[in-house]
Structures are given as structure tokens and as C-alpha cells.
1. If you go through the stretch 54-72 one residue at a time, how many are loosely packed, with under 15 Cβ neighbours inside 10 Å and either among the aliphatic types (A, V, I, L, M) or modelled with pLDDT under 95 (or both)?
2. If I filter the stretch 34-41 for residues that are within 24 Å of Arg115 (Cβ to Cβ) and touching a strand residue (DSSP E or B) at 6+ places or on another chain (Cβ under 6 Å), do I get at least one hit?
3. What are the residue pairs meeting all of these: first residue in the stretch 76-104, first residue within 13 Å of Val120 (Cβ to Cβ), second residue assigned to a helix (DSSP H, G or I), Cβ atoms under 8 Å, and 6 or more apart or on different chains?
4. Name the single residue, out of those in the stretch 95-126 being of a type in the set (A, V, I, L, M) and buried (at least 17 other Cβ atoms within 10 Å of the Cβ), that is farthest from Trp76 (Cα to Cα).
5. Step by step: first the residues of the stretch 1-44, then only those that are part of a helix (DSSP H, G or I) and of a type in the set (Phe, Trp, Tyr), then the one that is nearest to Tyr111 (Cα to Cα). Which residue is that?
6. For the subset of the stretch 39-48 comprising residues that are surrounded by 14 or more Cβ atoms within 10 Å (Cβ to Cβ) and not hydroxyl-bearing (Ser, Thr, Tyr), which member is nearest to Lys59 (Cα to Cα)?
Amino acid sequence: MSESTKPEIGSIGWIDLTVPDATAVRDFYAAVVGWEPEPVDMGEYSDFSMKAPISGEPKAGVCHARQSNLGIPEAWIIYIVVADLDASLTACREQGGEILGEPRSMGGARYAFIRDPAGVACALYQSG
């Protein structure tokens, strides 16, 4: 997600796929979809920002299930923009959803993974 503009509340701000072998999956989507991977330095390894081939705009992330990404469901995860993460997490619980771990921070933003009452995982994202 771009830090330069605030995303619209209720929009899908980003999508990520977190798997044990992000390199193989990166290559799969590069070949099948045409995305161009750009490494994102994570210290001891790189995750990948997948860019559109014509515009070069980031469209998705492909990440290794390591360090802070451990325990994230192996599925495409959408990040839904919310106005107040804490209020949304309270509503999630009240509506029969499940919070998957503690909220996390990235820059000035906060996000958390949830599972809805049907069992589907997504992330809630509050920009900084």
C-alpha cells in the first residue's frame, strides 16, 4: 500500500500471498500472470512485490512464511481498509469472527488478520 495517499475506507488496499516457498510461487505468477517481481529486503531473505508489466505499479505481494509472516493462512489475503482497527476488531468478535493473533504495525499503519463466521481469512488495515 502506498504511504503517500490514504486509501478509502472499505476499499481493498492490498493483497498478499504468504507461503513456505515464495520464490517458486513468485516465478509461477510471473509466468502465468505476467507480473514482474521486485525483491523486498527482509534482512536474511527477500519477499516480493509483484508489479504490473506495463505500468510497473505494485499489484500484490508474495511472501515467505517466515519471521513476522509465520502463521498467516496460505491463501490470497486481502487487506480491507478500516477507519479504526480496534473498533473493527471489537465488532469482529461481537459478530462471531475470530482474530488471528495480535495486531501488527508497518510504518505508521496497523493491521490484523481475522477469520469471518464462514471461516474465511482476511486482514483489516488502518493507515497511519
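The values are calculated or read from the model by the stated rules, or taken from the named source; none is laboratory data. Small disclaimer: the values here were computed from a predicted structure and weren't measured. Cβ: placed from backbone, ideal geometry, glycine included. Neighbour counts: every protein chain shown.
1. Count: 5.
2. There is no residue in the stretch 34-41 that is within 24 Å of Arg115 (Cβ to Cβ) and touching a strand residue (DSSP E or B) at 6+ places or on another chain (Cβ under 6 Å).
3. The qualifying pairs are Glu98/Cys92.
4. Per the criteria, the residue is Ala109.
5. In this case the residue turns out to be Tyr29.
6. Only one residue tops the list, namely Phe48.
For every residue, the table says whether it meets (1) closer than 28 Å to Val82 by Cα; (2) within 17 Å of the chain's Cα centre (by Cα).
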| position | (1), (2) |
| --- | --- |
| Gly13 | yes, yes |
| Val19 | yes, yes |
| Val25 | no, yes |
| Gly34 | no, no |
| Glu38 | yes, yes |
| Glu44 | no, no |
| Glu57 | yes, yes |
